[in-house]
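Peer 1: Can you keep this structure in mind? I'll have questions shortly.
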Amino acid sequence: MYYRIIRNDMLKSKLITMTTMIFVAVAAMLVSLSAILVVNLSGSINMLMDQAKTPHFMQMHSGAIDTRRLADFAEQNSLVDEFQVLEFLNVDGAQIVINGNSLADSVQDNGFTTQSEKFDYLLDLDGNVITVFDGEIYIPVSYMKDGTGKVGDTISINGKKLTVAGFLRDSQMNSLLASSKRFLVSENDYAAIKDSGSTEYLIEFRLKNMSEISTFETAYTSAGLEANGPTITYPLFKMLNAISDGLMIAVLLLVSTLIVAITFMCIHFTLLAKIEDDYREIGVMKAIGLQASDLKKIYLVKYAVIAAAGCMLGFALSFVFRGLLLENIRLYMGESEHASFAFVFGIVGILIVFLAMIAYVNHVLKRFRKISAAHAIRFGTSQGKAAGAKHFRLSRNRLLTTNTFLGVKDVLARKSLYATMLAVLIISTFIIIVPQNLYNTISSKSFITYMGIGSSDMRIDIQQTSHISEKAAEIVKVMERDSSISKYAVLTTKTFNAKAADGTEQGIKIELGDHSVLPVQYSEGRAPVAEDEIALSTMNADDLGIKVGDVMTLVIDGKEKDFTVRGVYSDVTNGGKTAKAVFSDDSADIMWSVIYAKLSDPSLAEAKTSEYADRFHFAKVSHIDEYVAQTFGSTISSVGKASDTSIAVALMIAGLVILLFMKMLVAKDSYSIAVMKSVGFTDSDIAMQYISRSVFVLMAGMVLGTLLANTLGEVLAGAVISSFGASSFQFVDHPLSMYPLLLMIGTVLIATMLGTWGAGQIKIAANMKE
Amino acid sequence: MKMIIGENIVKSFSAGNETHPVLGGVSLKINEGEFISIMGPSGSGKTTLMYAVSGMDSIDSGTVLFDGRNLSALSEKELSDIRRTKMGFVFQQPTLLKNLNILDNIILPAMRDNKKNAAKTMEKARALMKKVGISELEKRDITEVSGGQLQRAGICRAVMSQPKIIFGDEPTGALNSTSAQKIMDILSDINTEGTAVMLVTHDAKVAARTERIMFMCDGSIVSELRFKKFNGTGMEDRIKAITAKMREIGI
Ligand SMILES: Nc1ncnc2c1ncn2[C@@H]1O[C@H](COP(=O)(O)OP(=O)(O)OP(=O)(O)O)[C@@H](O)[C@H]1O
Ligand SMILES: [Mg+2]
């Protein structure tokens, strides 16, 4: 008997059943996709880093190196399992020509290396350690993705010609966020091109026990060994590998949570409307002694059927889309070590969605118990009087047209009914705005100031060369005379020792120069201006346990000097551990210099960039937009994709829910509609009344949704952003963000018109007999 | 002057796969300012006839001319306009909107296209409410007044636009006899001012106050009684005539 009741009920409300099922399916699909992606991503990263034997601790170093001393240190340190020094031949991009195109525009440090013997292997796309022969070259997989090169292409390095034999995965430098890219050549070819660039060293350690990385890091620093370059540890490698896809997963999870919430609201609404319709019958059943729990069971089974069907559909759909989303992970990191786990996790995700649904329906159905038989039979409705809107009267209305008045009045009089619609519209607005703002923000120019890069139009790097300060001065001289450059700042990085609280010393890289000209965003405090002031990157501040206002001691030229910490900022450059100060110093060696320039007319950036690049061959000149695109390019495009998807999803949700809602309203209101018609209201009057209801709720929803997006959404997006090192995040305003909201208005209007189509079909004669 | 001319109206309903005729070719004429009523057994087609001549429901064949215009040929919008400006309806159960208070319900159709004259509309509504004796109720919700009061509010709404005719489908059917008399007084007053009234009723006392009574049986008008306009006298005789007629037809 249950079967028949449920089947009839579903057939009677096909649209509602279908919509609910679709929502469940989409929610289940997204949850299962997220689960599959998480498992695959972490599995692939682990597998890649296992196969490649990624170093646990790496110190990059340029300049003189004492390999003996390093080997002795490794020998004596009980934590070290394996040790090696790899060479990295840093060649200027202009010297590397792939099929006729040089890499001069690349912001990456492109360089060459040979296959390592002990660990930190470069792998081919099947995950095997590559053996490279003379005349062959393997290029980074990211250059395959962006089409820079393909197998069989000829690469010429300073005139030496090699053939691309394949692509390599580099467990350290795969990510575009890692600023170096390694090309693999044979020992002989390496020797042949050795003079084409400057050699950098990768001093690498594998430890016996990974948990002791920080102990080891301290030991290394305090031993005063080679440290002219960034230090990177295993967890940071891992994070760099995870960021782009991690962000995509975060967005997917966010959207799926919201869809589950919307599904719940739809269930809430349809179930309550149903209970209201059946109110009298439920009362009668109770009066003749049937139990509410029987009824409850019927509804529960009905929703269990819908949820089960939706979940299965969602699972099937997740199979269709997983390939698309896994493509990037597969390419960069290879297969996952536990791909079959992913399947299990996908199912677990779907089971969670299913159980949550049932629990929720069960919760809503608690109302059954509260229905009093007497009340239900006497009044036949659970609705109270139209409280609240009593003072909103037609007789006092001068502002709105009568149809608009009636629409607004209905919303005010039946607030709880429209609350669902409002909530859905708020969420849809939220889903549209937050990812889009996140996208606009991270793709905007000012965003780099959150990442430790001053806001500017052009960036000039001078490194791996001698006489850095003279070269910087040369550039500055030209800039002085260049009227199109409105501001510039020269920042020179040197290493000093910082004294920790316990007296141990630790190397710290400090950017010296005027930090107030082209400032970064300080999450706390401000830029250092006086000689005895300093600002620290978040990572350094956390590491040293120092807050704004504290005093820290640096050892400069053998003497201790106290500095007041004035600010903390986020930084993703140079391993995230940097500091800024303004004092001048001649004692320490310069590691590198960066010149930031702001143009009076930013549209000239392109031209200026090439002008300076042509003029100063020793420097790497990049247009900031390009720098951002190449550094965060894949992150930005993942977020962009996610944002477009969210807009589509939000529009679909809003459209479907409004359509459904309007259809139900028309059915519920058929009596009032007949009354209106009997006193001479036309079909278009009635359509206007429904559109007024929609638009009124829509406006409220969009206003609240926008508010929520700019408060809660900003916090959420900030949490995502801070996962890659930036704190104190704020959305940028973007004129384009209005555009999807217009789409939303259009969608809601169309859905309303479609949904209320049936109002014209309502016959006065058949509906007046109430 | 003929206001409504119905010729050979046929209407049938289909329930399941069998159709059964409800109006089998009814013809009738209603003059301007006339006060008529329709009587007949339950299910004989009285309501259906009223919906047919007022254009509220479509008919299968035949014609209904209202002021010389064929209702079947008019668009939905034109029908609405006629209903709003030239017709008024009162039903057995008051059909007021739950969302609005009494006054708002009464002015609703008038406010649809005459918002500029809102003050005048309100004045008129208040005058009408006073006339039917519900002026203290204007701010009440429709759940806060009695059935008879609601019915009076419904009549106010119906006459707001000074229609040419008011249709009433058992407007007193749900009321006790005092309330029913009050309603009939109001309708008579309206009729005296020139508005035609067409009532469906089971109550001989109600029918006795009209000037022409049509008797329906199984979808046709089988007989008719004519009186002079009711002037407060001769009620007993009129009732007697009606009951005699009813017995004669077999109701
Ligand atoms: N929408 C409908 N669908 C099917 N049959 C209908 C419909 N409306 C009315 N009928 C049938 O048409 C016939 C006439 O109905 P109508 O409502 O006109 O009767 P009536 O004379 O007004 O009766 P009452 O005095 O009980 O109001 C009845 O047999 C009824 O069952
Ligand atoms: Mg009837």
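Peer 1: Could you look through segment A:562-591, keep only residues that are open to solvent by less than 50 Å² (accessible area, probe 1.4 Å) and assigned to a helix (DSSP H, G or I), and pick out the one that is modelled with the lowest pLDDT?
Peer 2: A:GLY575
Peer 1: Scanning for something assigned to a helix (DSSP H, G or I) and under 20 Å from the mean Cα position of the chain (by Cα), does segment A:314-321 turn up at least one residue?
Peer 2: yes
Peer 1: Another one. Just checking: which of the strands (runs of 3 or more DSSP E) contained wholly in segment B:9-128 hold 1 or more residues that are open to solvent by less than 30 Å² (accessible area, probe 1.4 Å) and within 13 Å of ligand 1 (Cβ to nearest atom)?
Peer 2: Counting at least 1 such residues, we get B:18-31, B:35-39.
Peer 1: Using the structure shown, decide if A:ALA648 is part of a helix (DSSP H, G or I), assigned by TED's automatic domain parsing to the domain that holds A:ILE433 and within 21 Å of A:ASN328 (Cβ to Cβ).
Peer 2: Spelling it out, A:ALA648 is indeed part of a helix (DSSP H, G or I), assigned by TED's automatic domain parsing to the domain that holds A:ILE433 and within 21 Å of A:ASN328 (Cβ to Cβ).
Peer 1: Can you tell me how many residues within segment A:746-770 are within 16 Å of ligand 1 (Cβ to nearest atom) and either open to solvent by less than 30 Å² (accessible area, probe 1.4 Å) or more than 12 Å from chain B (Cβ to nearest Cβ) (or both)?
Peer 2: Result for segment A:746-770: 4.
Peer 1: Looking at A:SER684, A:SER638, A:SER678, A:SER672, which is the one that is within 30 Å of B:LEU74 (Cβ to Cβ) and touching a Leu at 6+ places or on another chain (Cβ under 7 Å)?
Peer 2: A:SER672
Peer 1: May I pose another question? Within segment B:152-172, how many residues turn out to be touching an Asp or Glu at 6+ places or on another chain (Cβ under 9 Å), touching a residue at least 60 places away in the same chain (Cβ under 8 Å) and within 16 Å of ligand 2 (Cβ to nearest atom)?
Peer 2: The qualifying residues number 1.
Peer 1: Can you tell me which residue within segment B:129-141, out of those that are in contact (Cβ under 8 Å) with a residue 40 or more places away in the chain and closer than 20 Å to B:GLU193 by Cα, is surrounded by the fewest Cβ atoms within 10 Å (Cβ to Cβ)?
Peer 2: Only one residue tops the list, namely B:GLY133.
Peer 1: Let me ask you something else. Please work out which residue is farthest from ligand 1 (Cβ to nearest atom), limiting yourself to segment B:197-212 and to residues that are over 10 Å from B:MET39 (Cβ atoms) and either in a strand (DSSP E or B) or open to solvent by 30 Å² or more (accessible area, probe 1.4 Å) (or both).
Peer 2: Per the criteria, the residue is B:GLU211.
Peer 1: Name the residues in segment B:61-101 that are more than 16 Å from ligand 2 (Cβ to nearest atom) and hydroxyl-bearing (Ser, Thr, Tyr), would you?
Peer 2: B:SER61, B:THR63, B:SER72, B:SER75, B:SER80, B:THR85
Rundown of residues vs (1) open to solvent by less than 30 Å² (accessible area, probe 1.4 Å); (2) among the hydrophobic types (A, V, I, L, M, F, W, C), yes/no style:
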| site | (1), (2) |
| --- | --- |
| A:GLU560 | no, no |
| A:ASP601 | no, no |
| A:LEU604 | no, yes |
| A:LYS608 | yes, no |
| A:LYS620 | no, no |
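Peer 1: List every residue pair whose Cβ atoms lie under 8 Å apart, where the two residues are 6 or more positions apart in sequence or sit on different chains, the first residue falls within segment A:149-170 and is closer than 28 Å to A:PRO55 by Cα, and the second residue, located anywhere, is of a type in the set (Lys, Arg) and open to solvent by 60 Å² or more (accessible area, probe 1.4 Å).
Peer 2: Filtered contacts from segment A:149-170: A:VAL164/A:LYS150.
Peer 1: Just checking, which of B:SER12, B:SER58, B:SER27 is hydroxyl-bearing (Ser, Thr, Tyr), at pLDDT below 90 and away from ligand 2 (no atom under 16 Å from the Cβ)?
Peer 2: Exactly one residue qualifies, and that residue is B:SER58.
Peer 1: Regarding segment B:34-48, can at least one residue be identified that is within 16 Å of ligand 2 (Cβ to nearest atom), of a type outside the set (A, V, I, L, M, F, W, C), more than 23 Å from B:THR243 (Cα to Cα) and at pLDDT below 90?
Peer 2: Among the residues of segment B:34-48, not one is within 16 Å of ligand 2 (Cβ to nearest atom), of a type outside the set (A, V, I, L, M, F, W, C), more than 23 Å from B:THR243 (Cα to Cα) and at pLDDT below 90, which makes the answer no.
Peer 1: Something else about it: Test each condition in (1) within 16 Å of ligand 2 (Cβ to nearest atom); (2) within 14 Å of another protein chain (Cβ to nearest Cβ) for B:MET198 and report the one that comes out false.
Peer 2: Among (1) within 16 Å of ligand 2 (Cβ to nearest atom); (2) within 14 Å of another protein chain (Cβ to nearest Cβ), the lone unmet condition for B:MET198 is (2).
Peer 1: If A:THR17 satisfies all but one of (1) among the polar types (S, T, N, Q); (2) farther than 17 Å from A:MET265 by Cβ; (3) at pLDDT below 85, what's the number of the condition it fails?
Peer 2: (2)
Peer 1: Kindly establish whether B:ASP189 is within 16 Å of ligand 1 (Cβ to nearest atom), away from chain A (no Cβ under 14 Å) and open to solvent by 70 Å² or more (accessible area, probe 1.4 Å).
Peer 2: So B:ASP189 does not fit the description; no.
Peer 1: Name the residue that is nearest to B:THR195 (Cα to Cα), counting only residues in segment B:142-176 that are within 11 Å of chain A (Cβ to nearest Cβ) and of a type in the set (Asp, Glu).
Peer 2: Looking at the filtered set, the residue picked out is B:ASP169.
Peer 1: For segment A:344-362, does any single residue satisfy the condition of being in contact with an Asp or Glu (Cβ under 8 Å, 6 or more places away or on another chain), crowded, with 16+ Cβ neighbours inside 10 Å and over 30 Å from A:LEU271 (Cα atoms)?
Peer 2: Checked against the condition, which is being in contact with an Asp or Glu (Cβ under 8 Å, 6 or more places away or on another chain), crowded, with 16+ Cβ neighbours inside 10 Å and over 30 Å from A:LEU271 (Cα atoms), segment A:344-362 yields no hits at all.
So that you can scan it fast, the table gives a plain yes or no per residue for (1) part of a strand (DSSP E or B); (2) assigned by TED's automatic domain parsing to the domain that holds A:LEU48; (3) within 30 Å of A:SER214 (Cβ to Cβ); (4) open to solvent by 60 Å² or more (accessible area, probe 1.4 Å):
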site	(1), (2), (3), (4)
A:LEU89	yes, no, no, no
A:VAL97	yes, no, no, no
A:GLY111	yes, no, yes, no
A:THR131	no, no, no, yes
A:ASP134	no, no, no, yes
A:ILE137	yes, no, no, no
A:SER156	yes, no, no, no
A:THR163	yes, no, no, yes
A:PHE167	yes, no, no, no
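Peer 1: Six or more apart or on different chains, Cβ under 8 Å: which pairs go from a residue in segment B:173-198 that's within 25 Å of B:GLU32 (Cα to Cα) to one that's hydroxyl-bearing (Ser, Thr, Tyr)? Could you list them?
Peer 2: Partner pairs satisfying both residue conditions: B:ALA180/B:THR172; B:ILE183/B:THR172; B:MET184/B:THR172; B:VAL197/B:THR210; B:MET198/B:SER37.
Peer 1: Now for a different question. For segment B:221-237, give me the residue count where each residue is more than 16 Å from ligand 2 (Cβ to nearest atom) and touching a strand residue (DSSP E or B) at 6+ places or on another chain (Cβ under 9 Å).
Peer 2: Counting residues in segment B:221-237 that are more than 16 Å from ligand 2 (Cβ to nearest atom) and touching a strand residue (DSSP E or B) at 6+ places or on another chain (Cβ under 9 Å) gives 8.
Peer 1: Out of the residues in segment A:628-644 meeting the condition of being at pLDDT 75 or above and more than 14 Å from A:VAL434 (Cα to Cα), tell me which one is surrounded by the most Cβ atoms within 10 Å (Cβ to Cβ).
Peer 2: Across segment A:628-644, the extreme among qualifying residues is A:ILE636.
Yes/no per residue for (1) more than 7 Å from chain A (Cβ to nearest Cβ); (2) farther than 21 Å from B:MET56 by Cβ:
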| position | (1), (2) |
| --- | --- |
| B:GLU78 | yes, no |
| B:PRO94 | yes, no |
| B:LEU97 | no, no |
| B:PRO109 | no, no |
| B:ASN117 | yes, yes |
| B:THR121 | yes, yes |
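Peer 1: If you don't mind, there's one more thing I want to ask. Quick one: is A:ALA473 part of a helix (DSSP H, G or I) and either modelled with pLDDT under 90 or in the same structural domain as A:GLY567 (by TED's automatic domain parsing) (or both)?
Peer 2: Considered against the rule, which asks whether it is part of a helix (DSSP H, G or I) and either modelled with pLDDT under 90 or in the same structural domain as A:GLY567 (by TED's automatic domain parsing) (or both), A:ALA473 comes out as yes.
The values are calculated or read from the model by the stated rules, or taken from the named source; none is laboratory data. All values reported here derive from a predicted model rather than from experimental measurement. In this analysis, Cβ positions are derived from the backbone assuming ideal geometry, glycine residues included, and neighbour counts consider all displayed protein chains. Each accessible area value is taken on the protein alone, full model and side chains, heavy atoms only, with ligands, DNA and RNA left out. Shrake-Rupley method; radii C 1.70, N 1.55, O 1.52, S 1.80 Å.
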